[in-house]
Amino acid sequence: MTVFIASLFLPKTIHFTLPGTPPRGSRSEKPQPNPRPAPPERQPSLFQPPSITPPHTPTDEKKPSGLFTNEDGLRVHIPTTTAIGEDGVRAPADRSSPTWGGRLDQPMSRANSPPPPSLIQKARNLHQKAKEMGRAGITQPRTLDRSESHERVFAHANWKIVNADQGNGGLRNAAEAASREGKVGDCTWVGTLGMPTDALQGTQQLQDIQDKLATEHDMLSVCPSDKDFDGHYSHFCKQILWPVFHYQIPDNPKSKAYEDHSWKYYVNVNQAFADVIVKNWKRGDVVWVHDYHLLLVPGMVRKKLPEAKICFFLHVAFPSSEVFRCLAVRKQLLEGMLGANLIGFQIHEYTRHFLQTCSRLLSAEATPDGLQLEDRFVDVVNLPIGIDPVSLSQHREEDEVKRWLDTMRERYAGKKLIVARDKLDHVRGVRQKLLSYELFLNKNPEWRDKVVLIQVALSTSEKSELDATVSDIVTRVNSSWANLAYQPVVYLKQDIDYAQYLALLSVADALMITSQREGMNLTSHEYLFCQDGKISEKKHGSLILSEFTGTSSLFGGNELSVNPWDYRACADAIKKALEMGDEEKEMRWTKLYEAVNHHTGSHWFSEILARLDVVYEQQHRHDQTSVPRLSLNTLVQQYNRTERRLFILDFEGTLVSWGPVNQIIPVSPQRTLDVLNDLLLDDRNTIYVMSGRRPEELDRLFRRVPNLGLIAENGCFLRDCGSTEWTEMADADQIRSWKDSVRGILTYYIERTPGAEIEDRRCSLIFHYKSAEDYESATRQALDCASHINDACEDQRVHAIPMEGCVLVEPLDWTKSTAAQRIFSDLRDRMAPDATHTSPVDFLMVVGDGREDEKVFKWANGLGEEGLVEEVVTVSLGTRNTEATATMTQGVSGVLMALQRLGSIA
């Protein structure tokens with residue numbers, strides 16, 4: 001079995017050595033036809049040798065941006081012998097434009113411009129866009145020819161495979177840790193090379209690269225056109241999906257969410273991934289797709305490989321339905337994700353948002369375990385990713401880390417250090433952090449020469465107002481309180497090397513993270529691990545963490561949780577972090593450290609795959625096409641060899657053909673009554689009929705079957721066999737309480753849906769809209785209503801279920817399954833004390849056709865598996881996947897025929 005790990009970027013990329021050029025990092029490099037920024041003399045550093053003053057801040061150097069930088073906040077350590085040049089400097093990239101590519105050792109992208117926002121503006125914008133991209137193909141054809149000639153060199157240049165410095169670092173580290181610990185077998189990565197490939201298309205060079213990656217590194221490369229990738233990543237992913245997934249609603253003039261033309265490029269890249277997976281898949285293989293770049297891949301693979309075992313995991317946040325519904329292609333994205341057997345999220349909040357969104361936009365039935373679609377079930381789980389402590393420990397022992405530790409201790413002796421490392425975009429909350437720090441210094445003058453905030457900011461691909469705003473704040477703070485010996489903010493608008501990063505985390509007194517929304521933030525995990533005192537004195541520093549990060553939900557309040565928009569609270573948190581006593585710091589750190597050690601990357605990786613195996617087996621076993629047809633001959637044999645028989649039969653759609661419970665039955669179903677009476681002639685048979693109807697309705701329908709037991713309103717009322725009295729199973733006070741809350745919500749939507757009405761049952765409420773004047777509009781209102789109720793009334797143990805033409809609101813604690821359990825329990829209590837039997841029943845048959853019958857099937861099957869009932873027969877008449885052990889395609893007539901056959905047995 002092979003696990004295909006599909007992620008946008010492979011862990012490896014290609015380094016080309018161009019003919020006639022010196023090695024990477026050499027200072028004698030000749031100018032290229034299109035000049036690009038020269039590499040710095042050494043790796044960017046916050047701390048020069050002790051004799052040199054640290055760089056003044058803010059800096060305004062043009063540094064490599066974050067087009068390919070990691071989005072999970074986790075550093076990818078690149079050994080200097082591979083992806084780093086001989087002088088320790090990674091190749092710089094010109095990221096002033098959003099075009100893919102730009103490294104000196106890789107081809108340039110041929111995506112000559114971003115897609116224009118409209119066809120009308122295309123001609124007007126073409127020249128300006130070409131200038132921004134460093135290309136003037138329309139007005140200066142000779143430059144374009146020169147560039148193309150330069151790119152053709154790559155088709156014959158020497159090359160080697162090196163570690164990539166872009167991609168999902170958390171995923172990569174987790175996979176390596178799981179492999180190292182023997183928790184996973186064969187893994188094959190599927191992804192792009194992280195560089196433009198148009199210059200290599202159709203060449204033997206590209207084929208050789210792909211062959212070597214596949215044979216020596218178990219990596220399948222996806223090579224979309226430069227234009228497709230640029231539209232997919234730079235435009236649809238970064239300008240539409242990323243903002244929306246992080247709660248930046250596209251309702252302002254600067255938003256580019258209107259540029260729906262980039263959608264086709266997103267589809268093309270996702271299809272390219274799916275094609276590579278389908279081509280290499282073998283029966284038994286696992287397909288694991290990662291993150292928002294590839295939302296469509298599960299559905300595309302499912303279409304070609306219906307039997308495939310597919311998992312999808314979203315590493316970023318999933319927004320609430322109100323935000324997600326702003327996307328024009330919202331249904332396509334959800335349907336793509338639902339091609340998976342298992343969908344994973346970081347925390348419960350994102351899982352709940354996804355379930356509500358699917359229920360609201362796709363009319364899918366959401367359950368605590370996942371989504372019930374028309375023909376199958378999709379499991380949805382939340383399991384947070386973590387770091388790799390083993391690898392991190394090894395890197396911390398390196399001499400370079402220890403050297404930087406000594407440098408920092410000397411440079412900041414007597415100072416408290418607050419550290420931060422963030423990408424410089426609005427989501428990360430850098431502006432809020434600096435304003436809070438400024439407020440802290442204003443309110444607490446005694447700390448002005450005793451604390452330093454070190455902010456590492458990874459630049460983004462475009463100059464933004466945020467960049468200027470942050471620089472202004474830093475300048476203002478430093479100009480207010482800095483002196484020759486003190487600088488309150490050290491701000492570097494570029495990344496630092498890995499050794500400095502680990503040393504910085506180890507020496508810090510506090511880490512401050514003020515993200516406005518973030519999937520996890522593994523920097524906080526690395527910080528806590530580096531505070532254990534193994535390579536420096538025990539700091540047990542405080543963690544100031546935004547409540548809007550996924551990590552916040554794991555730490556149980558032992559961090560200093562803050563709202564980034566509450567500057568006063570953030571300033572107070574800084575003061576508390578600096579003044580906290582050693583005992584409290586150690587207590588908090590110990591609990592945080594335990595959480596980090598439990599939620600490791602290896603644990604996450606193996607748990608997800610183990611859960612996928614379980615849910616795949618369950619889904620396959622419950623698939624309607626996999627469940628065998630009921631064998632009447634086998635049923636008769638089971639019936640004949642038993643003495644104590646219990647039948648629990650659904651009414652609507654099973655014993656009679658009438659559907660909705662709000663329809664009035666004009667006459668009694670005579671054939672059904674006759675079949676039930678025949679079965680009850682045998683004293684060894686006990687029969688209960690379950691229905692969603694009111695007790696009085698069932699009394700009228702079955703008044704001529706006196707020994708019949710009844711279950712009304714889906715388990716809220718129970719009438720025992722031979723009795724005329726009903727037992728109310730539900731708690732009347734609790735029902736009254738949630739009804740008052742729900743009725744107000746239903747009234748709100750009734751007023752906005754002409755023709756709709758509310759039906760008030762004893763234990764449930766039904767929003768009927770089948771007779772609404774505008775059915776399509778009413779359907780949208782009904783889905784919003786169900787989502788609203790499920791969100792607002794979750795704590796009251798009630799849920800709303802969208803159905804055809806109505807929304808049913810009923811309690812979670814009283815169902816057909818709880819009624820069936822009560823019946824079985826009562827039968828056992830009535831057994832004679834000296835009975836030789838251990839169970840009151842040795843034959844149990846449950847027949848149903850609806851989603852509310854599935855819990856009864858599961859309960860009955862459990863009795864058989866535990867050996868409490870000798871013969872258990874569960875039969876489903878529906879077309880969806882089912883918990884039942886048999887299906888029947890003849891519908892109501894088939895059920896009556898089978899029961900009639902049993903009733904005729906003497």
Just one of the numbered conditions (1) crowded, with 17+ Cβ neighbours inside 10 Å; (2) under 18 Å from the mean Cα position of the chain (by Cα); (3) modelled with pLDDT of 95 or more is not true of residue 327; which one?
(3)
Take segment 865-884 and flag every residue that is among the β-branched types (Val, Ile, Thr), part of a loop (DSSP other than H, G, I, E, B) and closer than 23 Å to residue 620 by Cβ.
879, 882
Output the number of residues of segment 605-625 satisfying the condition of being touching a helix residue (DSSP H, G or I) at 6+ places or on another chain (Cβ under 6 Å) and either assigned to a loop (DSSP other than H, G, I, E, B) or of a type in the set (A, V, I, L, M, F, W, C) (or both).
1
Residue check for residue 865: modelled with pLDDT under 90 and either closer than 30 Å to residue 755 by Cα or among the charged types (D, E, K, R) (or both):
no
In segment 637-652, what residues are buried (at least 21 other Cβ atoms within 10 Å of the Cβ) and part of a strand (DSSP E or B)?
646, 647, 648, 649, 650, 652
When residues of segment 195-211 are filtered for being assigned to a loop (DSSP other than H, G, I, E, B) and surrounded by fewer than 20 Cβ atoms within 10 Å (Cβ to Cβ), how many remain?
3
Can you pull out every residue in segment 173-214 that is among the β-branched types (Val, Ile, Thr) and either touching a Lys or Arg at 6+ places or on another chain (Cβ under 7 Å) or more than 24 Å from residue 270 (Cα to Cα) (or both)?
184
Which of the helices (runs of 4 or more DSSP H) contained wholly in segment 313-427 include at least 3 residues that are within 25 Å of residue 554 (Cα to Cα)?
321-324, 348-362, 389-396
Residue 705 passes all but one of the listed conditions (1) crowded, with 18+ Cβ neighbours inside 10 Å; (2) without any contact (Cβ under 8 Å) to a residue 60 or more places away in the chain; (3) at positive phi; the exception is number (3)
Pairs please, first residue from segment 263-288 and touching a residue at least 40 places away in the same chain (Cβ under 8 Å) and outside any helix (DSSP H, G or I), second anywhere and surrounded by fewer than 24 Cβ atoms within 10 Å (Cβ to Cβ) and of a type in the set (S, T, N, Q), Cβ atoms under 7 Å, 6+ apart in sequence or on different chains.
285/2
Selection count where residues are surrounded by fewer than 17 Cβ atoms within 10 Å (Cβ to Cβ) and at pLDDT 90 or above, scope segment 213-254
5
Scan segment 887-904 residue by residue and report those that are of a type in the set (A, V, I, L, M) and either crowded, with 18+ Cβ neighbours inside 10 Å or touching a helix residue (DSSP H, G or I) at 6+ places or on another chain (Cβ under 7 Å) (or both).
888, 892, 895, 896, 898, 899, 902
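Residue by residue, here is whether (1) over 14 Å from the mean Cα position of the chain (by Cα); (2) under 24 Å from residue 879 (Cα atoms); (3) of a type in the set (Phe, Trp, Tyr) holds:
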| site | (1), (2), (3) |
| --- | --- |
| 293 | no, no, no |
| 342 | no, yes, no |
| 379 | no, yes, no |
| 383 | no, no, no |
| 392 | yes, no, no |
| 401 | yes, no, no |
| 404 | yes, no, yes |
Applying the selection to segment 685-734, what residues are within 30 Å of residue 640 (Cβ to Cβ) and aliphatic (A, V, I, L, M)?
687, 689, 690, 705, 708, 710, 711, 718
Would you check which residues across segment 358-368 are touching a residue at least 40 places away in the same chain (Cβ under 8 Å), on the phi < 0 side of the Ramachandran plot and of a type outside the set (D, E, K, R) and list them?
359, 361, 366
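The values are calculated or read from the model by the stated rules, or taken from the named source; none is laboratory data. Only a predicted model underlies this, so the values are computations on that prediction, with no experimental measurement involved. Positions of Cβ are backbone-derived with ideal geometry, glycine not excepted, and every protein chain shown enters the neighbour counts.
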